[in-house]
Structures are given as structure tokens and as C-alpha cells.
1. Roughly how many debye, to the nearest 20, is the charge dipole of the chain about its Cα centre, given +1 on each Lys and Arg Cβ, -1 on each Asp and Glu Cβ, and no other charges?
2. Ala43 to Tyr3: FRET efficiency via 1/(1 + (r/R0)^6), r the Cβ-Cβ distance, R0 35 Å, to the nearest 0.05?
3. Using the alpha-carbon atoms, what tilt in degrees (0 to 90, nearest 10) does helix 42-55 show relative to the longest principal axis of the chain?
4. On a 0 to 90° scale, report how tilted helix 10-23 is relative to the longest principal axis of the chain, with both axes built from alpha carbons and the result rounded to the nearest 10.
5. If packing is taken as the average number of other Cβ atoms within 10 Å across a peptide's residues, how do 32-38, 20-26 rank, most packed first?
6. Please compute the volume of the convex hull spanned by the alpha-carbon atoms of the chain and report it per residue in Å³.
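Here, each number is a calculation from the coordinates, and none is a lab measurement. The structure displayed is predicted, hence computed values, not measured ones. Cβ atoms come from the backbone with ideal geometry, glycine included; neighbour counts cover every protein chain shown.
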Amino acid sequence: MIYGYSKLDDAAVKTVQDLEKKMGVTIVAFTGQDVKTADLSEADMKQVQETEAKLGVTLVAVTA
């Protein structure tokens, strides 16, 4: 499962903002998405890792 930022309607945003104010913290909403990770060769995995290091991000190869 991969998580990305949730798309919240105005009511949900207000609910989260109220909770943030009450707790004194910032809250980030994420939503899970089921995906199947791709089976990569060792060479392909190395290329992904090198690209991650170059860009400073995490990459996940998935099948369509």
C-alpha cells in the first residue's frame, strides 16, 4: 500500500484544523492506495536507488 496526501472537503479540513488547534500540532491527512510493486532485476533496482539518491526522494516501481 502506498500513501499520498488526502483530498479533504471543507468540512473535513475544518475538523482537522479544530483538532490541530486543540492539540497544538500540525496534522497531515494521508489516504492509502493498493498497488502491486514491480519485480525488478538487480540492475533495475540499482538504477532506481541511484535516482533516489540523486533526487532525494523515495521511488516505488509498480505494475499497471
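1. The dipole of the chain has a size of about 260 debye.
2. 0.80
3. 50 degrees
4. Roughly 80 degrees, rounded to the nearest 10.
5. Working: 32-38: 10.0, 20-26: 8.4.
My ranking of the peptides, most packed first, is 32-38, 20-26.
6. Numbers: hull volume 7.6 nm³, N = 64.
Cα convex hull per residue, to the nearest whole number: 119 Å³.
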